[in-house]
């Protein structure tokens, strides 16, 4: 099976293999809940013979997003057939994200490492969505952190650069970036706080915003390097109030974040008497008596 191949990888350490086993269990539970409730997701179109930029534009058009920012990439992925779990994976395991398509079940899943900063999780999710739209007929994919570093990207399979370009264009449409800069930052040179404004608007990490602005030639290489040395967290908190803690350590000890849809299906299965209260409690990682009491009132 696809998971047997995935778990058979020689480079996986003990922690990585353990976390991927948890991911496998989640996928099995998710599919079971869909079967119990009769709620299945349709697959999005499979793109081929198209550039990464074109795929991003066409997918935005298909979803009716125009050039507006994506407020919840995780829910967007779920509604379009790619189920998601955010799960804490130790840094030593070298896993940022995983994509797998289970052909026999016609079901796709993405795992996002929840120890990454919120912005990094968003970009990783968009990267895995790119694999879902383009590469789901291939083997499962494990994306390590180096793939998200431009200097190392060329060392990997061309599909990784494709997914990177797709993610940037999908999350930060160049037309919208240009529109905001032309409208609000007409002074010519982009100041550091302007970059933070843009990063907050598109809901991405400071680095991903910076890299996009350099690619679109709104920042010179020297200015890019200069801004890279500054602390965006300190400036964002001081100038704008903290939107989200970008540094990450507070999330390292967290529990897996299952999707809203997974939770809704579990509740539906319980209400239809397809699963027990004990099972529901385990799936949602919540106190059984509290759940039963709450659901009795709904």
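Name the residues in region 191-218 that are more than 18 Å from residue 119 (Cβ to Cβ) and either in the same structural domain as residue 53 (by TED's automatic domain parsing) or surrounded by 15 or more Cβ atoms within 10 Å (Cβ to Cβ) (or both), would you?
Within region 191-218, 218 is the sole residue that qualifies.
Restricting attention to region 161-170, does a residue exist that is at pLDDT below 90, in a helix (DSSP H, G or I) and more than 16 Å from residue 100 (Cβ to Cβ)? Talk me through it step by step, then tell me what you get.
First, pick out the residues of region 161-170 that are at pLDDT below 90: none.
Taking every residue of region 161-170 in turn, none turns out to be at pLDDT below 90, in a helix (DSSP H, G or I) and more than 16 Å from residue 100 (Cβ to Cβ).
If you go through region 174-194, how many residues are in contact with a helix residue (DSSP H, G or I) (Cβ under 6 Å, 6 or more places away or on another chain) and without any contact (Cβ under 8 Å) to a residue 40 or more places away in the chain?
So the answer is 1.
Residues being over 17 Å from residue 122 (Cβ atoms) and either modelled with pLDDT under 55 or touching a helix residue (DSSP H, G or I) at 6+ places or on another chain (Cβ under 6 Å) (or both): count how many of those fall in region 240-249.
The total comes to 1.
Can you say whether residue 269 is closer than 25 Å to residue 78 by Cα, at pLDDT 95 or above and over 22 Å from the mean Cα position of the chain (by Cα), as far as the supplied structure shows? Lay out the reasoning, then the answer.
Values: closer than 25 Å to residue 78 by Cα: yes; at pLDDT 95 or above: yes; over 22 Å from the mean Cα position of the chain (by Cα): yes.
Criteria met by residue 269.
Could you grab me the full set of residues in region 43-67 that are closer than 18 Å to residue 78 by Cα, in contact (Cβ under 8 Å) with a residue 24 or more places away in the chain and exposed (fewer than 14 other Cβ atoms within 10 Å of the Cβ)?
45, 46
Among the helices (runs of 4 or more DSSP H) lying completely within region 1-90, list those that include at least 2 residues that are under 29 Å from residue 254 (Cβ atoms). Walk me through how you get there before you give the answer.
On the way: elements: 2-7, 14-37, 52-63, 73-79.
Here the list reads 2-7, 14-37, 73-79.
Being within 18 Å of residue 82 (Cβ to Cβ) and either assigned to a loop (DSSP other than H, G, I, E, B) or not assigned by TED's automatic domain parsing to the domain that holds residue 8 (or both) is the filter here, so list the residues in region 135-160 that pass it.
Within region 135-160, 135, 136, 137, 138, 139, 140 meet the criteria.
Restricted to region 4-25, and to residues that are buried (at least 17 other Cβ atoms within 10 Å of the Cβ), within 21 Å of the chain's Cα centre (by Cα) and in contact (Cβ under 8 Å) with a residue 24 or more places away in the chain, which residue is farthest from residue 105 (Cα to Cα)?
Initially, region 4-25 is screened for residues buried (at least 17 other Cβ atoms within 10 Å of the Cβ), giving 6, 12, 16, 19-20, 23-24.
Imposing the further condition that a residue be within 21 Å of the chain's Cα centre (by Cα) reduces the set to 6, 16, 19-20, 23-24.
Within this subset, residues satisfying the condition of being in contact (Cβ under 8 Å) with a residue 24 or more places away in the chain are 6, 16, 19-20, 23.
On the way: 6: 17, 16: 24, 19: 22, 20: 19, 23: 16 Å.
Looking at the filtered set, the residue picked out is 16.
Within region 203-212, can you find the residues that are outside any helix (DSSP H, G or I) and over 17 Å from residue 67 (Cβ atoms)? Write out each step before concluding.
Kept after step one, since they are outside any helix (DSSP H, G or I), are these residues of region 203-212: 203-205.
Within region 203-212, 205 is the sole residue that qualifies.
Which one of these is in a helix (DSSP H, G or I) and at pLDDT below 95: 200, 186?
Details: 186 fails: in a helix (DSSP H, G or I).
Within the list 200, 186, the selection yields 200.
If you check 133, 155, 171, 111, which single one turns out to be under 23 Å from residue 11 (Cβ atoms), in contact with a helix residue (DSSP H, G or I) (Cβ under 9 Å, 6 or more places away or on another chain) and buried (at least 19 other Cβ atoms within 10 Å of the Cβ)?
Numbers: 133 fails: under 23 Å from residue 11 (Cβ atoms); 155 fails: buried (at least 19 other Cβ atoms within 10 Å of the Cβ); 171 fails: under 23 Å from residue 11 (Cβ atoms).
Sole residue among the options that is under 23 Å from residue 11 (Cβ atoms), in contact with a helix residue (DSSP H, G or I) (Cβ under 9 Å, 6 or more places away or on another chain) and buried (at least 19 other Cβ atoms within 10 Å of the Cβ): 111.
Do we have residue 127 as touching a strand residue (DSSP E or B) at 6+ places or on another chain (Cβ under 9 Å), at pLDDT below 95 and over 20 Å from residue 28 (Cα atoms) here?
Working: touching a strand residue (DSSP E or B) at 6+ places or on another chain (Cβ under 9 Å): yes; at pLDDT below 95: no; over 20 Å from residue 28 (Cα atoms): yes.
No.
The values are calculated or read from the model by the stated rules, or taken from the named source; none is laboratory data. Please read these numbers as outputs of a predicted model, since none were measured by experiment. All Cβ positions, even for glycine, are placed from backbone atoms using ideal geometry, and neighbour counts span all protein chains on display.
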